[in-house]
């Protein structure tokens with residue numbers, strides 16, 4: 001009989017049958033894995049998310065776990081840098097002619113803070129686009145007032161005035177509501193169209209009965225818009241009591257019309 | 001000199017064609033199944049419509065306003081369609097990648113959504129409230145708040161561009177994963 005040696009473990013066997021039996025019993029697993037290498041490669045490629053070598057896979061996984069943190073950190077850094085550049089150029093932009101809200105250091109002492117529904121509306125000067133100077137008290141006594149303070153460059157303001165003009169003006173006028181759209185003092189320091197241009201473009205002009213466009217004083221701006229919102233509205237009763245107020249007229253118009 | 005310039009041009013065009021090849025192969029693979037085509041169509045139309053209402057509504061401080069769509073600008077219209085198509089692609093590719101156990105991309109998509117909401121930073125009380133919480137004086141509030149809101153009001157198209165760019169990067173990353181994982185499998189070892 002010819003001796004047989006197992007190639008895997010180098011054991012000697014007396015017969016070929018014994019060698020074959022040994023290989024079946026001891027080395028069958030190795031034979032299976034040697035026979036189907038492609039299936040394991042495919043599984044690894046699919047299950048381990050495509051990494052071909054260990055290092056690349058670990059880096060990809062590390063980054064994938066922290067991607068949101070990296071993006072958030074980059075966004076915060078960009079915001080801080082942009083704010084710094086913005087603040088740095090603030091004075092030079094003022095010197096180039098950007099309108100400033102106030103030349104004095106602090107709000108005037110005659111400002112009334114914290115007006116809210118239920119309070120009496122403080123009187124203030126109103127400069128109508130036709131050149132007339134009047135005051136809020138002149139409009140009281142006859143009808144409910146919708147006083148809407150706007151900045152002429154604000155998209156929300158243009159939408160609200162457009163909506164008033166296209167949809168709600170007739171209904172409000174029928175109810176006897178007087179609408180006064182007032183530009184906040186100096187457009188809150190930003191460049192925008194004049195209130196007359198604003199009225200022509202979005203509000204259907206300045207000649208609608210019961211609808212007035214005007215500007216006002218710095219005092220009134222600080223009083224009626226203490227939080228520097230770009231738009232704020234007040235519904236004032238004929239007796240001068242504030243019924244309600246809000247900061248987004250376009251969203252609230254259906255309720256304002258129903259309640260007025 | 002001329003030869004060098006030509007080689008640079010061919011190098012960059014080769015890079016671009018390599019980049020696009022992954023997207024092309026991934027899209028061909030995904031859209032070879034009819035269900036993904038139908039899903040993409042529905043998503044693209046739905047998300048475009050949603051954005052057409054959302055983008056002009058945000059300055060009012062609401063998510064969806066029935067009247068705001070009247071005031072949509074041409075820029076917002078164009079980007080609404082673009083966002084619908086890109087988000088549709090991202091969602092369909094992510095679904096396919098998830099099914100094939102390939103890596104998907106979520107964080108960039110989220111960042112893109114946040115960037116497209118920039119209109120909410122203008123004309124709403126958000127910025128003034130944040131500044132007020134920090135306890136600044138009224139004078140400083142009146143100086144800072146309108147200026148910041150005016151910046152976002154004028155620069156919103158750039159934020160839309162950023163949002164679209166993030167979506168394109170997300171599509172590229174998912175396409176790369178799908179290409180490396182699933183193109184080999186699609187040659188007979190897996191079924192869609």
So for A:213, A:148, fewest C-beta neighbours within 10 Å to most, what's the order?
A:148, A:213
Packing-based order for A:173-180, A:115-122, using average beta carbon neighbours within 10 Å, highest first
A:173-180, A:115-122
According to the square roots a ≥ b ≥ c of the eigenvalues of the Cα gyration tensor, what is the shape class of segment A:114-179, taking rounded for a/c under 1.5, prolate for a/b larger than b/c otherwise, and oblate for the remainder?
rounded
Under a plain spin-label model, where a point goes 7 Å from the Cα along Cα-to-Cβ, how far apart in nm are residue B:70 and residue A:227?
2.7
If you count the DSSP beta bridges with both ends in segment A:125-259, what percent of them are antiparallel, to the nearest 5?
60
Mind checking the full-extension length gain between residue B:155 and residue B:81? Use 0.36 nm per residue of separation minus the Cα-Cα distance, one decimal, nm.
24.7 nm
Estimate the FRET efficiency between residue B:38 and residue B:13 by the formula 1/(1 + (r/R0)^6), using the beta-carbon distance for r and 30 Å for R0, to the nearest 0.05.
0.30
Burial ordering of A:153, A:62, fewest other beta-carbon atoms within 10 Å first:
A:62, A:153
Rounded if a/c is under 1.5, else prolate if a/b is larger than b/c, else oblate: which is segment A:125-259, with a ≥ b ≥ c the root eigenvalues of its Cα gyration tensor?
rounded
Expected integer from the mean partner chain Cβ neighbour count at 10 Å over A:228-236 is 5
So, R0 is 51 Å and r is the distance between the beta-carbons of residue B:99 and residue A:194; what FRET efficiency does that work out to, to 0.05?
0.30
10 Å Cβ neighbours from other chains, averaged over peptide A:187-195
3
Test item: A:245-256 mean partner chain Cβ contacts at 10 Å
4
For labels at residue A:258 and residue B:129 in the simple 7 Å Cα→Cβ model, what's the distance in nm?
2.3
Estimated FRET transfer efficiency when R0 is 35 angstrom, pair residue A:11-residue A:58 (beta carbons, to 0.05):
0.30
Sorted by Cβ density within 10 Å, fewest first, the residues A:252, A:200, A:187
A:200, A:252, A:187
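We did not get these values from a lab; they are worked out from the coordinates using the rules stated. All values derive from a computational prediction rather than experimental measurement. Neighbour counts run over all protein chains shown; Cβ positions are idealised from the backbone, glycine included.
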